[in-house]
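Since the structure comes first, as structure tokens, the remarks are kept for the end.
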Amino acid sequence: MCADVILKDPTSECTCDITFTLDKDFAGKVYMYYGLTNFYQNHRRYVKSRDDSQLLGRLNPKPSSDCNPFTTTNANDTRAIAPCGAIANSLFNDEIELISEKLGQVKLLNTGIAWPSDKKMKFNNPSGDLTEAFKEYAKPPNWRKNVYELDPNNPDNNGFENEDLIVWMRTSALPTFRKLYRRVDHTATGFVQGLLAGNYLLKIKYNYSVKPFDGTKRVILSTTSLLGGKNPFLGIAYIVVGSICLLLGVLFLLIHIKCGKR
Amino acid sequence: MFFWRRRPEDDTARKVRVVVPNHTVPAGTPAKQHPNHVYPGNEVRTTKYTMLSFLPKNLFEQFHRVANLYFLFIVLLNWFPAINAFGKEIAMIPVAFVLGVTAVKDAFEDRRRHNSDKRINNSTCRVYNSVQERYVKTLWKNLRAGDLVHLSNNEFIPADVLVLRTSDEHGLCYIDTCNLDGETNLKQRNVIRGFAEKQSTFEASQFRSNIEVDPPTTKIYRFHGTVVHESGERVPVGTDNLLLRECVLKNTDFVEGMVVYAGHETKAMLNNGGPRYKRSQLERAMNRDVVWCVVILVVLCIIGAIGCKLWLASFTSPDFLPPFITNYYSPSYEAVLTFWTYVIILQVMIPLSLYVTIEMTKILQVFHIHNDPHLYDEERKKRVECRALNITEELGQVQYIFSDKTGTLTENKMIFRRCTIDGVDYNHPPIAEMQNLRPGVATPIHPNARLQDEIQALERGMRLSTDSSLGSRTLKSTHEQRVQEFFILLALCNTVVVAKHPHHDSMNASGVIESPSVITVEVQSNSSAAATTTATKYSRLNESRSVTPSPTSSTRPRLLELSGGQSSLSPICSSSESTPLGTPSPKPVRRLANLLRVVRPGGKHGSSPAVTPSPSGDKKPIYEAESPDELALVDAAYTYNCRLLKRVASTALILVPGEGMVEYELVQVLPFDSSRKSMSVVVRHPVTKQLTLYTKGADSSILSQLAPTDDPAMQLFIFNTQQHLNAYARQGLRVLVMAKRNLSEAEFDAWHVLHKEAEMMHDHERRIRESFCRLETNLILLGATGIEDRLQDGVPETIAALIEAGIVVWVLTGDKQETAINIAYSAKLFSPQMELLKLAARSKDAAETTITAYLQDIERQLPHGSNLTSNPLASLADLPPHYPKRALVVDGKTLTYILDQRSNLKKPFLTLTRFCSSVLCCRATPLQKAYIVKVVKEILKVRTLAIGDGANDVSMIQTADIGVGISGQEGMQAVMASDFALSRFKYLERFLLVHGHWCYDRLARMVLYFLYKNATFVFLIFWYQIYCGFSGAVMMDQMYLMLYNLVFTSLPPIAIGVYDQDAPADLLLSKPALYKQGRLGSVYKPHSFWLTMADSLYQSLVMFFITAAAYSDSTVDIWEFGTSLTSTCMFVNLLHVAVEIKSWTIIHILSMACSIGGFYCFAFVYNSFCVSCFGLPSTYWVIYKTLGNSVYWFTTVLASVLALLPRFVIKVLRSSLAPNDVTKSLLEHRNIRRGEEFLVAWSSNTSSSSVLR
């Protein structure tokens, strides 16, 4: 199992293939999420462990102390980490590919997955050449790439402005959560209608260890509905509460008829 | 502070200070070398702060409160990096807010004090100026020790002044010390020894003696000093020579004197204590629950810390850490740190902003009570004055009322109604137009025809034997003689001061001596109509009015014009004339050339010089008496031509019918005191040289001192008089018995020697009293009088309503038992159905037996199984309703036995009173009054209200939980000591039944709501800990967290606290029983807190878990989740208010709209512009995302409905199945109204249909 391999040596390569079948077509826009369980992204110290000023592109050799202990790599190397802090350090870095049995590789878009406001206002790269700008800064200890290597193909999606980073930096509210990973490119031939029924293969480059927190990883493909993801809770709750209210209404009416005339 | 207060006293204790007359110091002496420069000036400052000291001193004071220290502690805690939960600046918002609001309030209050100081400091008086060699108008604040001042009648005394000269030839003057000690009788002061003889030649510039005085002390009536004349002669001076600041000069044209203490060294200022802080029952209950909040907080923090430890321990190995644990400490250490983090994040559990909110609410409540038009006294132009701001809700919880009688229940208009002389009763029926008379003023009476005949017979007798006055005496029958002596006594036996003409000071307000010619010129320029001398005076008065502002406006004399037909009536003016202290009046004084009359307002000193209109065309002197009773008696005597014409210290000139002018020598005056209950004079007849003691006093004290007699006629006379007395008392008249004693010179001399000795004794007050009693024995009865003091209007209704409201009413009076009982019946304190229990024991044992007997009787009526010994708290409510109600009458003597520490009768007595719906204490002394209140308050543990108007009620008012002063006739002292001041007793009904009821209900519900709101919010945060590893993370933005209580949800509680009405005013008035709700404290009970907590626990559970479930396994981030929960919580809180609100007004709606609107506005602005503010985690754009998500709307609606369902259901079920009293009567009230509307609609329908037909 890749999980154990990674646990032993975090730098080793391990790929994991999962096949699945879509019973019916996924009409409309299809999104790919990754889900983690038992990951406490809302832990008090974790939530704080970031430097918003640094993420705005204002690089400083001394990042905010909030990032401790992920401000500098270690005692010998006094270079500051960019992006600093525990959130950035724990960035989800599995690489997932989706291959359709019929149509081959499904083209997935890695942009448009973060909040536009975040991308525009909260995350900015330092001016000038990224490699140059980050020369004096170390990568977070858990990362395999430098921050300027996150998406070398698309300069708008690289560095701090990388949307995978931005999505991860928006810490989740509950320990079981999902985050938007990719959008299916519906302009490609065969995917205009959505994701058609058939057999698919998920090819996951396994980098991210969930063993330390007894968590699980999931990949979720979903179309959007009015209520976001598929969650039956609200529907059931409305039916139950509605029925209670109706019953009470009848009860009150009876009481009013019986006692209200006093 | 402690040090500098103490030290000067110690230093100066031995020293004697020397005050040098300032005019002897050459002008232009540098301030430093001035001999008096060490003494403070007359400027006073009662403010707490100055501009500079405000900030440090106010902060220092505020941090004395535990609550604020807690705040500070939280802020400091937040600075530890390992603990810190919030941004450092953000965490200071609450403390800054609370401190800021309180500081603004304090500054505002201080400013009021500053303004009143300024007004007082800028009052003027006339000070001798050595350069101009005359008196010059000077501001009070520029006055200093050593100045010579000139004061006119009715002028406020600016500092403690030693009298050097008065307008009186004997060097006397009078002051009214009401402002200082509340005593309304005038006190006499003399010029210093050796100056009385040279009154007319006194010249300010000639006075060059130094004065040695003690250092200032707080003791009002202790003053010692010495005047050191230039010749080296030393003259001792004492209290008798000192005029005290804040007193008013009376009955004297003017005085001149030297200032010895100024400003803060004056007795008045040294005795100026600060306001007392009272804490209400509700506040105490609330504080208890706040302590429970602390307990809940600690429990939550401990649970959180334990959870944190367990959660951390589940990640076993330190080198195998999950990525979200950043700093690894050992689980136990981390748990300790987290405990403190919890203290910070759950801090709102302790509702600190509640205290600020309560203060603001109470100020608004007080504002509305003050402005209630129904409590506005048209006649006196007075509103309710709320002097205490923090016990409004206590008004709704009163269980016992202690009321004074005279002046509180009654008008204090004394009307001479009946007298009995020599066993013959003379009635004086009431006069119809009495209604319009001012209180405190004696009323004209219709003379009794028979009595008038007898008097005329006396006069005829005099004419028959004009040549020999001695002969006339022998001619008279005993009856006529007694009638004559009776009236002589009325005219003589008093302390009435006679003034022929109003007091007039020839020096005007600017210190210029006016000559008559100047006046005439002024008259001509001022008023063409004014030709008479009276008008002259008025025109001058008119002018001088605008010169000097009065220090306190409440005492300003008012000019009234009475238009009447009798042009022959010469103007009668009160002493208010020619005072330079008149206030600038907005109304010009219009003049009627021939008829002018000055009437003093009933306000401040109404009782002490009172003015009597003349019954006939004669020029009647102006009588100024200590008490309205005395005035009524002197006036009655005057009506029967026994006229007091002149009275000085040693003689009194009386026109006696049958004898003519007689100048009696006043040998000795035995003044009134409340334990002797009598007052006497010893006079010597000018012709016969016969010494006679004339005594008037309470029947109990006089009748027992009558000389024993064997004469059957005399015995019949005494018997008849007693019969009449009882009849008078049954009519509710105040009775006084008149008696005399003929003394031989030897007898008197013997007594006088002993008396002089007694005066020298150490314990002289008691000894003098005993000495007086020795003289007032062996009396010969003359007769008795009955004076009516009518009930104020609305008193019976008010008392009936209060009793119906379940309040136990005690009336404490100095009156005779029969009088008191009678008034009690007419005031509806007692009803005919009531069983009257009387306690009038003459010994301790008798008192005990009576009380036990009554108690046993009551015990028999109690339901089986409960007896008084086993259930000491049994009360009226335990009695079966069909038994008659009881009322208790107890007299002063029995009270002394009961209240005696050794008697152990207090408990049984109070047990007895608990079964009585009203209690009447007669013949009670002021001290007993206060002691009763204290005993009832402490032993029965009830909330008490004391209401009174006179100085003798002050201690009672101060002892009670709520002190109410009637701003009536007997001076301001009661008002000064009170928490609330009403102008009439009848306003008490609305004040308690409506405002008290509302205030209690509002505040109780507001406090509960506040606790609920905070707890709900805290529980929400706590539930989140389950999902964040008990790490102390907060999902809400810190700004929301800090502002939620302070800003977003602060208005609706205030709306409830100030404007919510559980029932309309007219309903509360028509059903006084509804007062029970507050009296029994049924809105805020001990379990109310726990019910509220349970509700908030349930609501928070619903809100949190519905939101958590709806957002589970979604992409929601922590801030969106938090924003969603915040706004859900807000909706639930507001809907909760909506369920709680009992009367919807626009203010309620606005407060809610402002809350929710304010929240959204703030959220939009904050989330739109704040990318990275205050070093907080950025929540940029979160609100847009939240609102854009349909889950948010669905959860909000669902959570709101489900959260409020139980409270709503219970509320509906309770009000339709088992409504409480208020709801029940509210429903009836509405049904009746609807019925009326229906009737109206129906009748209009029928009429319209008939038209159609």
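The values are calculated or read from the model by the stated rules, or taken from the named source; none is laboratory data. What you see is a predicted model, and the numbers here were worked out from it, not measured in a lab. Note that each Cβ is placed from the backbone with ideal geometry, even for glycine, and that neighbours are counted across all protein chains shown. Quick note on the areas: whole protein, heavy atoms, side chains included, nothing else; ligands and nucleic acids left out. Shrake-Rupley method; radii C 1.70, N 1.55, O 1.52, S 1.80 Å.
What residue, among those in the stretch B:653-696 that are of a type in the set (S, T, N, Q) and under 18 Å from residue B:495 (Cα atoms), is most open to solvent (accessible area, probe 1.4 Å)?
Residues of the stretch B:653-696 of a type in the set (S, T, N, Q): B:668, B:674-675, B:678, B:680, B:688, B:690, B:692, B:695.
With under 18 Å from residue B:495 (Cα atoms) added as a condition, the list becomes B:668, B:674, B:678, B:680, B:692, B:695.
Working: B:668: 29, B:674: 60, B:678: 4, B:680: 0, B:692: 11, B:695: 1 Å².
For the stretch B:653-696, the residue satisfying everything is B:674.
Taking residue A:251 as the residue in question, decide whether it is more than 22 Å from residue B:1108 (Cβ to Cβ) and more than 9 Å from every other protein chain (Cβ to nearest Cβ). Walk me through how you get there before you give the answer.
On the way: more than 22 Å from residue B:1108 (Cβ to Cβ): yes; more than 9 Å from every other protein chain (Cβ to nearest Cβ): no.
Judged against the criteria, residue A:251 is not a match.
Kindly provide the set of residues from the stretch A:99-112 that are in contact (Cβ under 8 Å) with a residue 12 or more places away in the chain and surrounded by fewer than 21 Cβ atoms within 10 Å (Cβ to Cβ), ordered by number. Before you say what the answer is, go through the steps one by one.
Going through the stretch A:99-112, the residues in contact (Cβ under 8 Å) with a residue 12 or more places away in the chain turn out to be A:99-103, A:106-112.
If the condition is that a residue be in contact (Cβ under 8 Å) with a residue 12 or more places away in the chain and surrounded by fewer than 21 Cβ atoms within 10 Å (Cβ to Cβ), then A:99, A:100, A:101, A:102, A:103, A:107, A:108, A:109, A:110, A:111, A:112 are the ones that fit.
Right, residue B:1127: away from chain A (no Cβ under 14 Å) and of a type in the set (Ser, Thr, Tyr) or not? Explain how you work it out, then say what you get.
Numbers: away from chain A (no Cβ under 14 Å): yes; of a type in the set (Ser, Thr, Tyr): yes.
Answer is yes for this residue.
Which one is modelled with the lowest pLDDT among residues in the stretch A:210-228 that are open to solvent by 30 Å² or more (accessible area, probe 1.4 Å) and hydroxyl-bearing (Ser, Thr, Tyr)?
A:225
Listed here are the residues, each with its yes/no results for (1) closer than 24 Å to residue B:325 by Cα; (2) within 14 Å of chain B (Cβ to nearest Cβ); (3) open to solvent by 40 Å² or more (accessible area, probe 1.4 Å).
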{"position": "A:11", "(1), (2), (3)": "yes, no, yes"}
{"position": "A:15", "(1), (2), (3)": "no, no, yes"}
{"position": "A:18", "(1), (2), (3)": "no, no, yes"}
{"position": "A:26", "(1), (2), (3)": "no, no, yes"}
{"position": "A:53", "(1), (2), (3)": "yes, yes, yes"}
{"position": "A:65", "(1), (2), (3)": "yes, yes, yes"}
{"position": "A:85", "(1), (2), (3)": "yes, yes, no"}
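In the stretch A:162-185, which residues are closer than 21 Å to residue A:145 by Cβ, more than 7 Å from chain B (Cβ to nearest Cβ), part of a strand (DSSP E or B) and open to solvent by 20 Å² or more (accessible area, probe 1.4 Å)? Show your work before the answer.
So in the stretch A:162-185, the residues closer than 21 Å to residue A:145 by Cβ come out as A:162-170, A:179-182.
If we keep only those that are more than 7 Å from chain B (Cβ to nearest Cβ) as well, we get A:162-169, A:181-182.
Next, from what is left, pick out any that are part of a strand (DSSP E or B): A:181-182.
Within the stretch A:162-185, just A:182 meets the criteria.
Would you tally the residues in the stretch B:723-748 being touching an Asp or Glu at 6+ places or on another chain (Cβ under 9 Å) and under 25 Å from residue B:634 (Cβ atoms)?
Within the stretch B:723-748, residues that are touching an Asp or Glu at 6+ places or on another chain (Cβ under 9 Å) and under 25 Å from residue B:634 (Cβ atoms) number 16.
Just checking, how many residues over the stretch A:135-148 are touching a residue at least 60 places away in the same chain (Cβ under 8 Å) and within 19 Å of residue A:90 (Cα to Cα)?
Adding up the residues that qualify gives 7.
What is the one condition in (1) in a loop (DSSP other than H, G, I, E, B); (2) over 30 Å from residue B:1076 (Cα atoms) that residue B:1062 does not satisfy?
Residue B:1062 satisfies all of (1) in a loop (DSSP other than H, G, I, E, B); (2) over 30 Å from residue B:1076 (Cα atoms) except (2).
Got at least one residue in the stretch B:1168-1181 being over 30 Å from residue B:1212 (Cα atoms), within 11 Å of chain A (Cβ to nearest Cβ) and outside any loop (DSSP other than H, G, I, E, B)?
Residues of the stretch B:1168-1181 over 30 Å from residue B:1212 (Cα atoms): B:1168-1181.
Imposing the further condition that a residue be within 11 Å of chain A (Cβ to nearest Cβ) reduces the set to B:1168-1173, B:1175-1181.
Filter once more, keeping what is outside any loop (DSSP other than H, G, I, E, B): B:1168-1169.
Yes, the stretch B:1168-1181 has at least one match.
Got a sec? Which of A:125, A:146, A:93, A:154 is farther than 18 Å from residue A:224 by Cβ, touching a Gly at 6+ places or on another chain (Cβ under 6 Å) and open to solvent by 10 Å² or more (accessible area, probe 1.4 Å)? Reasoning before the result, please.
Details: A:146 fails: touching a Gly at 6+ places or on another chain (Cβ under 6 Å); A:93 fails: touching a Gly at 6+ places or on another chain (Cβ under 6 Å); A:154 fails: touching a Gly at 6+ places or on another chain (Cβ under 6 Å).
Matching residue, one of A:125, A:146, A:93, A:154: A:125.
Would you check which residues across the stretch B:901-939 are open to solvent by 20 Å² or more (accessible area, probe 1.4 Å), of a type in the set (A, V, I, L, M) and modelled with pLDDT of 80 or more and list them?
B:939 - this is the single residue of the stretch B:901-939 that is open to solvent by 20 Å² or more (accessible area, probe 1.4 Å), of a type in the set (A, V, I, L, M) and modelled with pLDDT of 80 or more.
Show me the helices (runs of 4 or more DSSP H) found entirely inside the stretch B:259-372 where at least 3 residues are under 28 Å from residue B:981 (Cβ atoms). Break it down into steps so the answer makes sense when it comes.
Working: elements: B:267-270, B:281-313, B:331-345, B:352-370.
The qualifying helices (runs of 4 or more DSSP H) are B:267-270, B:281-313, B:352-370.
Give A:190, A:198 a once-over and let me know the one that is more than 9 Å from chain B (Cβ to nearest Cβ), at positive phi and open to solvent by 20 Å² or more (accessible area, probe 1.4 Å).
Values: A:198 fails: open to solvent by 20 Å² or more (accessible area, probe 1.4 Å).
Answer to the selection: A:190.
Do any helices (runs of 4 or more DSSP H) entirely within the stretch A:1-101 hold 3 or more residues that are under 22 Å from the mean Cα position of the chain (by Cα) and under 30 Å from residue B:1172 (Cβ atoms), and if so, which? Before the answer, list the steps.
Working: elements: A:2-8, A:44-48, A:52-55, A:86-89.
Answer list for the stretch A:1-101: A:44-48, A:52-55, A:86-89.
Can you tell me which condition residue B:1087 does not meet? The list is (1) farther than 18 Å from residue B:395 by Cβ; (2) touching a Leu at 6+ places or on another chain (Cβ under 8 Å); (3) at pLDDT 90 or above; (4) surrounded by fewer than 23 Cβ atoms within 10 Å (Cβ to Cβ), and all the others hold.
Going through (1) farther than 18 Å from residue B:395 by Cβ; (2) touching a Leu at 6+ places or on another chain (Cβ under 8 Å); (3) at pLDDT 90 or above; (4) surrounded by fewer than 23 Cβ atoms within 10 Å (Cβ to Cβ) one by one, residue B:1087 breaks only (2).
If only one of B:1058, B:1007 is over 20 Å from residue B:1156 (Cβ atoms), modelled with pLDDT of 90 or more and β-branched (Val, Ile, Thr), which one is it? Talk me through it step by step, then tell me what you get.
Details: B:1058 fails: over 20 Å from residue B:1156 (Cβ atoms).
Being over 20 Å from residue B:1156 (Cβ atoms), modelled with pLDDT of 90 or more and β-branched (Val, Ile, Thr) holds for just one of B:1058, B:1007, which is B:1007.
Looking only at the stretch B:36-60, count how many residues are free of Cβ contacts under 8 Å to residues at least 12 places away in the same chain, open to solvent by less than 90 Å² (accessible area, probe 1.4 Å) and assigned to a helix (DSSP H, G or I).
2
What single numbered condition from (1) in contact with a Leu (Cβ under 8 Å, 6 or more places away or on another chain); (2) modelled with pLDDT under 95 fails to hold for residue B:1129?
(2)
Does any residue of the stretch B:945-968 turn out to be among the acidic types (Asp, Glu), modelled with pLDDT of 85 or more and open to solvent by 40 Å² or more (accessible area, probe 1.4 Å)? Break it down into steps so the answer makes sense when it comes.
Of all residues in the stretch B:945-968, those among the acidic types (Asp, Glu) come to B:949, B:953, B:961.
Going one step further and asking which of them are modelled with pLDDT of 85 or more, we end up with B:961.
Narrowing the set further to residues that are open to solvent by 40 Å² or more (accessible area, probe 1.4 Å) leaves none.
Looking for residues that are among the acidic types (Asp, Glu), modelled with pLDDT of 85 or more and open to solvent by 40 Å² or more (accessible area, probe 1.4 Å), one finds none in the stretch B:945-968, hence no.
Scan the stretch B:78-86 and give yes if some residue there is of a type in the set (Gly, Ala, Ser), closer than 30 Å to residue B:1037 by Cβ and part of a helix (DSSP H, G or I), otherwise no.
Let us first name the residues in the stretch B:78-86 that are of a type in the set (Gly, Ala, Ser), namely B:82, B:85.
When the remaining residues are screened for being closer than 30 Å to residue B:1037 by Cβ, the result is B:82, B:85.
Going one step further and asking which of them are part of a helix (DSSP H, G or I), we end up with none.
Taking every residue of the stretch B:78-86 in turn, none turns out to be of a type in the set (Gly, Ala, Ser), closer than 30 Å to residue B:1037 by Cβ and part of a helix (DSSP H, G or I).
Determine whether residue B:1005 is surrounded by fewer than 23 Cβ atoms within 10 Å (Cβ to Cβ), away from every other protein chain (no Cβ under 14 Å) and under 20 Å from the mean Cα position of the chain (by Cα). Steps first, answer last, please.
On the way: surrounded by fewer than 23 Cβ atoms within 10 Å (Cβ to Cβ): yes; away from every other protein chain (no Cβ under 14 Å): yes; under 20 Å from the mean Cα position of the chain (by Cα): no.
When the stated conditions are applied, residue B:1005 does not pass them.
Any idea which of (1) touching a helix residue (DSSP H, G or I) at 6+ places or on another chain (Cβ under 9 Å); (2) assigned to a helix (DSSP H, G or I); (3) open to solvent by 30 Å² or more (accessible area, probe 1.4 Å) is the one residue B:1108 doesn't satisfy?
(3)
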